[in-house]
1. How about segment B:240-265: which of its residues are among the polar types (S, T, N, Q) and within 19 Å of residue B:296 (Cβ to Cβ)?
2. Looking at this structure, is residue B:118 under 30 Å from residue B:196 (Cβ atoms), more than 9 Å from chain A (Cβ to nearest Cβ) and surrounded by 23 or more Cβ atoms within 10 Å (Cβ to Cβ)?
3. Which condition number in (1) part of a helix (DSSP H, G or I); (2) touching a residue at least 12 places away in the same chain (Cβ under 8 Å); (3) of a type outside the set (Val, Ile, Thr) is the one that residue B:81 fails?
4. (1) more than 20 Å from the chain's Cα centre (by Cα); (2) assigned by TED's automatic domain parsing to the domain that holds residue B:245: which one isn't true of residue B:102, the others all being true?
5. Being surrounded by 18 or more Cβ atoms within 10 Å (Cβ to Cβ), over 20 Å from residue A:130 (Cα atoms) and either aliphatic (A, V, I, L, M) or within 11 Å of another protein chain (Cβ to nearest Cβ) (or both) narrows it down to one residue among A:103, A:79; which is it?
6. Please specify each residue of segment B:123-142 satisfying the condition of being among the small types (Gly, Ala, Ser), more than 9 Å from every other protein chain (Cβ to nearest Cβ) and assigned to a loop (DSSP other than H, G, I, E, B).
7. Quick one: in segment B:143-156, of everything that is of a type in the set (Ser, Thr, Tyr) and buried (at least 24 other Cβ atoms within 10 Å of the Cβ), which residue is farthest from the other protein chains (Cβ to nearest Cβ)?
Number of protein chains: 2
Amino acid sequence: MNEDPGESFVIETLTRNTRPDPGWLLHGPGDDAALFQDGSALTVDAMVEGIHFTQDADPEDVGAKLAAVNASDLAATGAKPMWGLLTLSLPNPLDQDWVKAFAGGLLNALCEMNAHLVGGDTTRSPGPIHASLSMGGQVVGNPLTRSGSSPGEEVWVTGNLGDAAAAFKHSDAPPSLQKALHSPNPPLLLGPALSEAGLATAAMDLSDGLARDLSRLCAASDCGAVIDPKRLPCSSWLSENCADPLPYQVGFGEDYQLLFTAPKTRHEDVLALGGQLGLQLTQIGRTVCGGGARLAGQQWPPSWTHFSENA
Amino acid sequence: MNEDPGESFVIETLTRNTRPDPGWLLHGPGDDAALFQDGSALTVDAMVEGIHFTQDADPEDVGAKLAAVNASDLAATGAKPMWGLLTLSLPNPLDQDWVKAFAGGLLNALCEMNAHLVGGDTTRSPGPIHASLSMGGQVVGNPLTRSGSSPGEEVWVTGNLGDAAAAFKHSDAPPSLQKALHSPNPPLLLGPALSEAGLATAAMDLSDGLARDLSRLCAASDCGAVIDPKRLPCSSWLSENCADPLPYQVGFGEDYQLLFTAPKTRHEDVLALGGQLGLQLTQIGRTVCGGGARLAGQQWPPSWTHFSENA
C-alpha cells in the first residue's frame, strides 16, 4: 500500500463499513493481515504485469515472489503460512511455458514454507497477466500487530535495507541484489518466533519503505520513533556504489524485511533469537512520545516507487 | 470453469502436486470449495472487465455478483459465508463513482449474507478492471461434495434454468432475466440446510450449465445420470419466447442454482425443506450406473459460453 491518493480512496471506500466486527474477528482491514480470535491470519496480494513485474520477468520469480510477499505479511503477524488460493488471469493465446514456470516457482515456494495450494480460479485476461494469491496461516502465540508499541522501546529491522531499490534503479547491480528485487526471501521464521517468545510489541513487514511503513506503525501505536540513519543496515554493494544510500534504504520499499519494536530490557534476548535463526538483526532507533517517524538530524528523503513510474 | 483446453492446462499444471495432503485438508482443488477438517470452506472467483462484465455494466451489480458467485460455491458445500478478501485492480485515472458503486454492491451483498470484508489489496491495472474475491465460511453438518452420489438416487435443481443465458442472448429479455444474469441471487440457505439435515448425497452449483456441471458431478461420483428434458424448470418468458429453450437451460451456465442428488426415500423431505425455505425445487432425473450425464431420448445440445465470444 502506497500513499497514492487513488489507492487511499479505494481502501477508504471499501472499509467505510459501519457494521460492528463479528465476535470471531480480532483485527480487520488495516494491519498486514486480518486476524481471527482463533489465531487464523489471512492476507491477499496481487502481482500485475506492467505494474509489479515486466513482460520479460522470469515467470518462476513471479510465482515465487507472489508466495513470498503474502507469507511476509502473515509472518509479520506471527503466523506460519498454511494455505493459498490463487486467481490467475492470462491473455490469449496461452503461453504454456510461462504457466509451467510460474506454477513451478509458486508451488516450490509454497512447499518450502510448508503451505498448500488448496484452490483457485483461472480466467482469460483481455489485458495483462494478473495473479492474486490469498494466503492463510496460524499464529502460535499472541498475534503481532502494528499497534502494540509504546514510547521507550527499541526499533529493529532484519537484513539489509535498500537492496531491491538498488536493483530496480541500477541494472548492473549484482545477482544478490537482483534476487532481493525479483525473488525476495523474507525472514518467515522470525515473526512466529517473536510471537511465541512474547518478545516484540509491534511488527510489520517492510513493503513500502521504512519511511512510510514506520510512519504507519507509529500512527497505529500512537507513538513516535527516532531512527539513527547511520545504523541502517546496508549491503556492501550499495554502500560502495551509491554516494547516498539513504533514499534506497528508506524511500522505495520491496525490502520484505521485518520491522518490529521490543522493550529495551529484551535487547539481548532479541539478539539471541536472531542468532538462533541465523538472521541479521539491527537496532536502528527507539520509540518516543509522539512526533511520528523521524530520522535523527535530517529529513526523510523523498519516497519513490515503481508504481508512479509505470502506472 | 469451462472445458477450455487452455484453462484445463492451467488447472492441471497448478494442481499437479505430488505432495501429500496435510492432515487438516479434507478436499483440495477440484470441488466447488476447498474443505478443511474443521469445517472451514474456502473459495475464490474473479470477475474481469471484457470477460465477465462489459465496460457499461452497472458497477453495483458487478460487486454484488462477485459476492454472490463466491457464496454460491460455499453454499454448494453446505457452508455459510463468513469473510471475504478482495483484490481490486483499477486503471488510471481512477473512476471514483465506479469504485463507490462497486463497493456499495459488494458490501451490501456481503452484509445480506452476514459476511465481513476482512482485508484486501488494491493495485493499478494497465488493462481492464480486475476484481477477485476469496471467501471463507463454515459448514455446520457434513460437508457436501460432488463425489458422494451413487446410482438410484434423484437429481434435483433449484429455481429455473436458462434465465441468465436468455438475458445474455436477448437484450429484450425482461428485468427478472436481466437480474439473473447481472445480479444473481443463489439459494444460499439450501446447501447448509441440506448438509445439516443430511438430505443430499452430492451437490454443486450450476455455473457452467447443467450439461457440463452434471458431467463433473457424475465423474466425481463415479456414476451416470439420466435427465428428463421435459422436467427442466423454465421461466415463462423463456418458454414463450424461445422455440427451443433447451440450449439455454443446459448449455450456457451462470444459473447459480444448486444441483444436488438425494436418496429416493427422502423425496418428500427434500420437498418439505424447499417449502420451508420458499425455494422451487424440481426433481429432473435420476442417477444410474455409469454412462456419464445423459438426456433421456436426445443428445445434449452444444454448449456455448460468453468466454468463447469475448476472449
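The values are calculated or read from the model by the stated rules, or taken from the named source; none is laboratory data. Quantities reported herein were computed from a predicted structural model and do not represent experimental measurements. So basically every Cβ, Gly included, is an ideal-geometry build from the backbone, and we count neighbours across all protein chains shown.
1. In the first step, residues of segment B:240-265 are kept if they are among the polar types (S, T, N, Q); the result is B:241, B:249, B:257, B:261, B:265.
Passing the criteria: B:249, B:261.
2. The answer is no for residue B:118.
3. Of the numbered conditions (1) part of a helix (DSSP H, G or I); (2) touching a residue at least 12 places away in the same chain (Cβ under 8 Å); (3) of a type outside the set (Val, Ile, Thr), the odd one out for residue B:81 is (1).
4. Looking at each condition in turn, residue B:102 falls short on (2).
5. Values: A:103 fails: over 20 Å from residue A:130 (Cα atoms).
Within the list A:103, A:79, the selection yields A:79.
6. Taking segment B:123-142 as the starting set, the residues that turn out to be among the small types (Gly, Ala, Ser) are B:125, B:127, B:131-132, B:134, B:136-137, B:141.
This time we only want the ones that are more than 9 Å from every other protein chain (Cβ to nearest Cβ), so: B:131, B:137, B:141.
Hit for segment B:123-142 is B:141, nothing else.
7. Taking segment B:143-156 first, the residues of a type in the set (Ser, Thr, Tyr) are B:145, B:147, B:149-150.
Narrowing further to those that are buried (at least 24 other Cβ atoms within 10 Å of the Cβ): B:145, B:149.
Numbers: B:145: 13, B:149: 21 Å.
Here the residue is B:149.
Per-residue answers, yes or no, for (1) among the β-branched types (Val, Ile, Thr); (2) crowded, with 18+ Cβ neighbours inside 10 Å:
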position: A:9; (1), (2): no, no
position: A:15; (1), (2): yes, no
position: A:19; (1), (2): no, no
position: A:24; (1), (2): no, no
position: A:27; (1), (2): no, yes
position: A:31; (1), (2): no, yes
position: A:34; (1), (2): no, yes
position: A:38; (1), (2): no, no
